[in-house]
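S.K.: Before anything else, here's the structure in question.
Just so it is clear, none of the values below were taken in a lab; they were calculated from the coordinates. All of these numbers come straight from a predicted model, not from anything done at the bench. No Cβ is skipped: glycine too gets one built from the backbone with ideal geometry, and neighbour counts run over all protein chains shown.
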Amino acid sequence: MLCSKLNIPTTTLFEKKPDWSFDGADEVDENKWLIKGRGGAMFKEKLNIINSPITYILVDESKKVNKLGSKFKIPVECFPEAINHIKNQLIELGGTEIELRKAIGKDGPCITENGNLILDVKFQNIEQDLEKKIKSISGVIESGLFINYNVEIIE
């Protein structure tokens, strides 16, 4: 809406690929690895990033961390009927403190824009292949872990 108000053209991925994109992050480390998804839109955010030649990640000092996962758990978007299977698989990958994200201000879980549920998962160590391991679990739609994407961090 802000882009429209400022007369900045917008489009969809159905129409064409963006020349660039911008977004924020919940955490960013020195490798430019990110945790995103506190707003619950990690699938579409990742879709935008992989379709953009460059994505500018706007952060302030509070988002920078020495160790990814030190402030926030990793959100994992899950197909509802697979939630128990996914939880067990996340435990096998070393996930702890796994919580179904609750909706703020209403009873029940948070529902993503795709109609899925979110598990927030703590990992003591986030290795380079963790994003791929999480994504390989049947029923996982997406994770809020963004490793090795073409992003430029802007403070």
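S.K.: Looking at Glu127, Glu77, which is the one that is touching a strand residue (DSSP E or B) at 6+ places or on another chain (Cβ under 9 Å), outside any helix (DSSP H, G or I) and either free of Cβ contacts under 8 Å to residues at least 12 places away in the same chain or under 18 Å from Gly37 (Cα atoms) (or both)?
M.R.: Glu77
S.K.: So, in region 10-37, exactly how many residues are closer than 11 Å to Ile153 by Cβ, touching a helix residue (DSSP H, G or I) at 6+ places or on another chain (Cβ under 7 Å) and assigned to a loop (DSSP other than H, G, I, E, B)?
M.R.: Result for region 10-37: 1.
S.K.: Mind listing just one residue for me: the one in region 58-71 that is surrounded by 16 or more Cβ atoms within 10 Å (Cβ to Cβ) and out of contact with any Gly (no Cβ under 8 Å at 6 or more places or on another chain) and, of those, farthest from Thr96 (Cα to Cα)?
M.R.: Val65
S.K.: Still on this structure, I have one more. Where residues in region 38-63 are of a type in the set (Val, Ile, Thr) and assigned to a loop (DSSP other than H, G, I, E, B), which of them is farthest from Ile153 (Cα to Cα)?
M.R.: Selected residue: Ile54.
S.K.: Now for a different question. Could you tell me whether any residue of region 135-155 is closer than 18 Å to Lys46 by Cβ, of a type outside the set (A, V, I, L, M), assigned to a strand (DSSP E or B) and over 16 Å from the mean Cα position of the chain (by Cα)?
M.R.: Yes, because at least one residue in region 135-155 is closer than 18 Å to Lys46 by Cβ, of a type outside the set (A, V, I, L, M), assigned to a strand (DSSP E or B) and over 16 Å from the mean Cα position of the chain (by Cα).
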